[in-house]
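Only one structure is covered here, and it is reproduced in the block below.
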Amino acid sequence: MRGVSLSDILERGRNNFDLVRLVAAASVIVGHSFIIVSGRLDAEPLAGVSSFTLGQHAVNVFFVLSGLLVAASLERSPGLVAFMAGRALRVFPGLAVCVLLLGLAMGPLVTSLDPLSYLASPQTLHYLAATLSLATGHASLPGVFETLPAAGWVDVSLWTLKYEMMCYLALALLSALGLWVRPKLLWVGLAVLIGIEIARLWRLHVDEFGVFDQVLRFLTCFFVGAGAYRLRDRLRLSPAGAALAVAALALSWGTRLEPLVAYVAIGYLALCFSALPLGPMRRLCGRGDLSYGLYIYGWPVGQLLLLSAPGLGPVGLAGASLAVTLPLAALSWALVEKPALALKRRLRPKPAMPCARRSPVPAILPGAVLPGAVLPLTGERDGNYCPRP
C-alpha cells in the first residue's frame, strides 16, 4: 500500500470501512462465545494478555470509526436536529425490532414459565422499557436462559449503545457551541480528555472500569476518530505509519499507558487496512452494512445455540453463531435499517422549484437585494463520504 491521505479514501467505494466494521462485529461474536460457554468474562481471548480482550478491542475500533464517520456526517448535515434524527434512525429502528423479537417472540418460546405468566410478568415489561431506552443492556427476561453458564444474560452487547448516543450528543454539543469549527479549542479539549484518561489509567486497572471510566474510554476513542477526520488532509496512511503504530503498541505493552496507545495505534491500523485495494471484497461488503445486525443479534443467537446444543465448545459456538447471525443481520439491514436510513432524505431541505420564467431584473442591482427565487440555487453537495455512518 502506498501512502495516501485519509481524505483520499473517504469517498464511497474508496475504502474498506464496511469490511472493518464487519470484522469488528465478528470479533465481538467470537469473544462472546467464550463467555457464553464458560459464564466468565475473563475467558475471552486476549484476557490477561492485553489491556483489552478481543471483543473490547473490537468495540474500541467501532468507536474510533464511528467518530470519523459521524464527524463527516455532521459536516454534511443541514442542521443539528437533522443530524441527531439521522443518528437516531441509525440506532433505534434496528434495536427496536431486535428487542421486540427477543422479548415477545423468543422469550415465550424458551422461558421456563408458561407463556401467559411470562407475558404478564412485570419483568418482561421492564426488559422492553429498560433496553429500548438504552438504560441498560443487562436487563433479564423471566425464566429465559436461567440454566446457562451466562445465566439470565439476554443481550449484553446492547450495553454500549448508550455510550454511542452519548458520543453523538457530545459532538452535537461541540457543534452547537461553535467549538467544532474552531480547531485550536477542539484540540485543547481533546488534549484535556487524553490527560484525564492518562490520570485515570495511572490509578486504575482496565478490568476495574466503572461507568465514569467507560465514559472516558468511549469519548476518547470517538474523538480520536473525529480528530482524524479534522486532520484528514494531513493524516497519511502508510506502511511506515503502520509499522510505527505496531512499535508503539509493543513498547506500551504491559504498561499503564497501553490502553490509550491502543486506542490510537489500533485505530490507525484499522484506517490503514481501510485503504488497502481490496476490490472484490470491498464491493461485496459495500452492498450492505451487516455489522450492526451482527452486533445486536450475536449474543442471543449464541445463547440460543448453547441452549439447543449444550455440548458446543467456544470455537464451535463462534462458528455456528456467525453462520446463523449473518442471515439475520442481512434481513435486519434489508428490511429495517436500510429503509430507516432512507428516511434521512426527508430531513434534507427541499430545493426550491425552478422558475418557469425569470422576471427581468436590472443588471445594476446587487445580488444581495435580489429575491431568492431569481438567484442561482446552490445546495449542499451530497458527497459520498463514509457510506452509512
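Side notes on the structure shown:
- With 10 Å bins from 0: P(r) over the chain, alpha-carbon pairs, percent: 5, 20, 30, 25, 12, 5, 3, 1, 0
- Extension gain from Thr255 to Ala243, taking 0.36 nm per residue of separation minus the Cα-Cα distance: 2.4 nm
- Between Leu307 and Lys184, the C-beta separation translates, for a Förster distance of 45 Å, into a calculated FRET efficiency of about 0.25.
- Cβ-to-Cβ counts within 10 Å put Val246, Val99, Val156 in ascending order as Val246, Val156, Val99, the fewest first.
- As a proxy for reagent exposure, ranking Arg256, Arg287 by other Cβ atoms within 10 Å from fewest up yields Arg287, Arg256.
- The local environment of Arg230, defined by Cβ-Cβ distances under 13 Å, has a net charge of +2 under the rule Lys, Arg +1 and Asp, Glu -1.
- In terms of packing, defined here as the mean over residues of other Cβ atoms within 10 angstrom, the peptides 168-180, 329-341 line up highest first as 329-341, 168-180.
- Karplus-based coupling profile of region 268-280, in residue order and whole Hz: 5, 4, 5, 5, 4, 4, 5, 8, 5, x, 9, x, x, with θ = phi - 60° in 6.51 cos²θ - 1.76 cosθ + 1.60 and x standing for Gly or Pro.
- Charge sum, other residues only, whose C-beta stays under 13 Å from Ala71's C-beta, Lys/Arg counted +1 and Asp/Glu -1: +3
- The H on the amide N of Ser5, modeled in the peptide plane, is under 5 Å from the matching H of Leu237, each at least 5 residues off or on a different chain.
- C-alpha long axis of helix 314-332 to longest principal axis of the chain, angle in °: 40
- The angle between the Cα long axis of helix 239-252 and the main principal axis of the chain comes to about 40°, on a 0 to 90 degree scale.
- Segment Leu284-Glu11, extension gain: residue separation times 0.36 nm, minus the distance between their alpha carbons: 96.6 nm
- Taken along the Cα-to-beta-carbon direction at a fixed 7 Å, the label points for Ala130 and Leu100 span 2.2 nm.
- Averaging the sequence gap over all C-alpha pairs within less than 8 Å and six or more residues apart, then dividing by the number of residues, gives region 4-347 a relative contact order of 33 percent.
- Computed over neighbours whose Cβ is under 14 Å from that of Gln303, the net charge equals -2, Lys and Arg +1, Asp and Glu -1.
- Burial ranking of peptide ranges 192-198, 260-266 (average Cβ count within 10 Å, highest at the top): 260-266, 192-198
- Computed over the chain, the per-residue total of -39500 (n - 2.57) for DSSP H runs of n ≥ 4 gives a 222 nm mean residue ellipticity of -19000 deg cm²/dmol, rounded to 500.
- Fewest-first ranking of Tyr297, Tyr118, using other Cβ atoms within 10 Å as the exposure measure: Tyr118, Tyr297
- Two-site FRET efficiency, Glu75 against Ser112, from Cβ-Cβ distance with R₀ of 56 Å, rounded to 0.05: 0.65
Read-outs throughout are calculated quantities, based only on the coordinates presented, and are distinct from any laboratory measurement. In this text, all values refer to a predicted model and were calculated from it rather than measured experimentally. All Cβ positions, glycine included, derive from the backbone under ideal geometry; neighbour counts span all protein chains shown.
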